[in-house]
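One structure is given here, and the rest of the page talks about it.
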Amino acid sequence: MLGDDLVVVTGGGGFIGGHLIADLRRRGARVRAVDIKPLDEWWQRFADVENVRLDLREREACAAAARGARQVFNLAADMGGMGFIETHRAECSLSVLINTHMLLAARDQGVERYFFASSACVYAAEKQSVAAVTPLRESDAYPAQPEDGYGWEKLFSERLCRHFTEDFGLATRVARLHNVYGPLSTYDGGREKAPAAICRKVVIAAMRGERDIEIWGDGEQTRSFMFIDDGVEGIRRLMDGDVSTPMNVGSAELVSINDLVDIVEEIAGVRLRRRYHLDAPVGVRGRSSDNTLIRKELGWAPEIPLAEGMEQTYRWIHDRIHACERARVTA
Ligand code: NAD
């Protein structure tokens with residue numbers, strides 16, 4: 001998919017969208033990036049990309065976004081980490097407007113292939129009730145018991161993709177992304193995810209000479225975290241492949257949040273006391289990705305070690321926070 005064919009990336013001002021566009025450009029694609037945020041708030045912006053600001057909850061906006069596109073990567077969503085999605089269920093659910101209108105626009109514009117960014121939050125809660133979790137297989141999404149709000153919206157939109165394929169012949173690809181992290185993403189303000197939040201807390205504690213940090217929950221909840229480069233690679237392979245049913249795109253490297261803090265402390269060269277905030281939103285007790293399907297169908301699975309990805313992520317957050325601090329002091 002190179003040359004004159006137009007590729008549209010929604011949520012292009014966001015974390016994954018920005019990295020995906022960078023990759024598409026490197027491969028020579030002509031890209032239109034769409035996001036609701038003002039352009040100066042986009043994580044990445046490229047002069048050779050058509051950057052458009054639209055509210056994709058509106059049907060006409062989706063028609064304008066998809067016009068002339070051969071492929072659509074739909075990543076736009078109102079979302080964040082557990083602290084956001086557990087307290088903004090209505091807002092997260094309203095992303096159904098984006099997904100519904102983008103699918104209609106893709107169908108009406110004759111788009112050849114459509115990607116939807118689903119989430120591991122679609123998985124049934126009862127399959128994630130212990131820290132030593134059995135990795136989640138794609139079939140574990142049913143009987144449906146997804147995360148309330150955000151997860152239900154993703155599960156419904158997955159099915160919408162399936163029915164657009166069955167009823168209208170629109171080729172769809174659906175990735176169930178598991179916890180993506182990396183540079184050029186939110187690390188404060190309430191929408192950040194655990195890896196970025198922990199980096200921020202450690203950077204600030206080290207900068208101010210503080211001795212402790214707050215951890216949400218008891219730190220024994222487990223997750224797997226996928227570095228952004230693997231995420232982009234997985235999305236590309238899935239889009240280019242032949243599988244139209246939802247597929248895990250996630251790391252299988254299971255760690256507890258305490259393990260993750262250990263990794264960040266090691267990178268930062270500090271040891272901090274942990275204050276456990278037991279009433280904070282933490283989501284399910286354990287979650288990891290079973291990668292049998294992706295290995296079988298795409299001959300690949302995420303492979304970047306957590307310590308390696310966290311090193312890059314920590315350095316980026318460290319440099320951002322220190323640059324902001326310098327600017328504040330000199331202002
Ligand atoms: P992000 O918040 O950085 O990017 C989403 C972008 O969508 C934002 O820039 C936002 O402004 C934009 N957006 C929101 N509402 C919009 C609207 N009405 N019209 C146009 N744009 C709108 O999040 P991300 O981490 O890059 O996630 C991208 C996609 O991947 C999302 O659909 C998300 O649900 C999914 N996902 C992400 C993760 C993860 O760990 N980051 C995990 C699972 C699924």
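The values are calculated or read from the model by the stated rules, or taken from the named source; none is laboratory data. In this text, all values refer to a predicted model and were calculated from it rather than measured experimentally. Here the Cβ positions follow ideal geometry from the backbone for every residue, glycine too, while neighbour counts run over all protein chains shown.
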All conditions in (1) away from the ligand (no atom under 12 Å from the Cβ); (2) assigned by TED's automatic domain parsing to the domain that holds Ser244; (3) not small (Gly, Ala, Ser) are true of Tyr150 except (1)
Notebook entry, point to check: Mind checking whether some residue in the stretch 186-206 is modelled with pLDDT of 95 or more, among the aromatic types (Phe, Trp, Tyr) and surrounded by fewer than 21 Cβ atoms within 10 Å (Cβ to Cβ)?
Noted result: no
Scanning the stretch 162-216 for residues that are more than 16 Å from the ligand (Cβ to nearest atom) and on the phi > 0 side of the Ramachandran plot gives Gly169, Gly209
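Tell me the strands (runs of 3 or more DSSP E) entirely within the stretch 43-119 that contain at least 2 residues that are within 12 Å of the ligand (Cβ to nearest atom), modelled with pLDDT of 95 or more and within 16 Å of Phe164 (Cα to Cα).
On the way: elements: 50-53, 69-74, 113-119.
Hits in the stretch 43-119: 69-74, 113-119.
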Flagged in the stretch 169-215 as touching a residue at least 60 places away in the same chain (Cβ under 8 Å), in a loop (DSSP other than H, G, I, E, B) and not polar (S, T, N, Q), in numbering order, are Leu170, His178, Gly182, Pro183, Leu184, Tyr187, Gly190, Arg191, Glu192, Lys193, Glu210, Arg211
(Q) Can you say whether Ile263 is without any contact (Cβ under 8 Å) to a residue 60 or more places away in the chain, buried (at least 19 other Cβ atoms within 10 Å of the Cβ) and not assigned by TED's automatic domain parsing to the domain that holds Ile85, as far as the supplied structure shows? (A) yes
Residue hits (the stretch 63-104; surrounded by fewer than 22 Cβ atoms within 10 Å (Cβ to Cβ), touching a Ser or Thr at 6+ places or on another chain (Cβ under 7 Å) and either outside the structural domain of Cys161 (by TED's automatic domain parsing) or more than 22 Å from Val284 (Cα to Cα) (or both)) are Val96
Filter the stretch 17-42 for residues that are in contact with a helix residue (DSSP H, G or I) (Cβ under 6 Å, 6 or more places away or on another chain) and assigned to a helix (DSSP H, G or I); the one that is farthest from the ligand (Cβ to nearest atom) is Asp23
Ser129 meets each of (1) surrounded by 16 or more Cβ atoms within 10 Å (Cβ to Cβ); (2) in contact (Cβ under 8 Å) with a residue 24 or more places away in the chain with one exception, condition (1)
**Request:** Report yes if Ala120 is closer than 25 Å to Ser139 by Cα, within 19 Å of the chain's Cα centre (by Cα) and in contact (Cβ under 8 Å) with a residue 40 or more places away in the chain, otherwise no.
**Result:** yes
Exception for Asp218 within (1) more than 14 Å from Pro195 (Cα to Cα); (2) touching a helix residue (DSSP H, G or I) at 6+ places or on another chain (Cβ under 7 Å); (3) not in a strand (DSSP E or B) falls at (2)
Only one of Arg320, Arg326, Arg274, Arg315 is at pLDDT below 95, among the charged types (D, E, K, R) and over 18 Å from Met226 (Cβ atoms), namely Arg326
Gly241 fails exactly one of (1) touching a residue at least 40 places away in the same chain (Cβ under 8 Å); (2) surrounded by fewer than 19 Cβ atoms within 10 Å (Cβ to Cβ); (3) farther than 21 Å from Tyr123 by Cβ; (4) not assigned by TED's automatic domain parsing to the domain that holds Glu158, namely (4)
All-but-one check, Ala144 against (1) part of a loop (DSSP other than H, G, I, E, B); (2) closer than 24 Å to Gln71 by Cβ, failing number (2)
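Residues are listed down the side, and each one gets a yes or a no for (1) assigned to a helix (DSSP H, G or I); (2) basic (Lys, Arg):
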| site | (1), (2) |
| --- | --- |
| Val270 | no, no |
| Arg275 | no, yes |
| Ala280 | no, no |
| Lys296 | yes, yes |
| Thr313 | yes, no |
| Asp319 | yes, no |
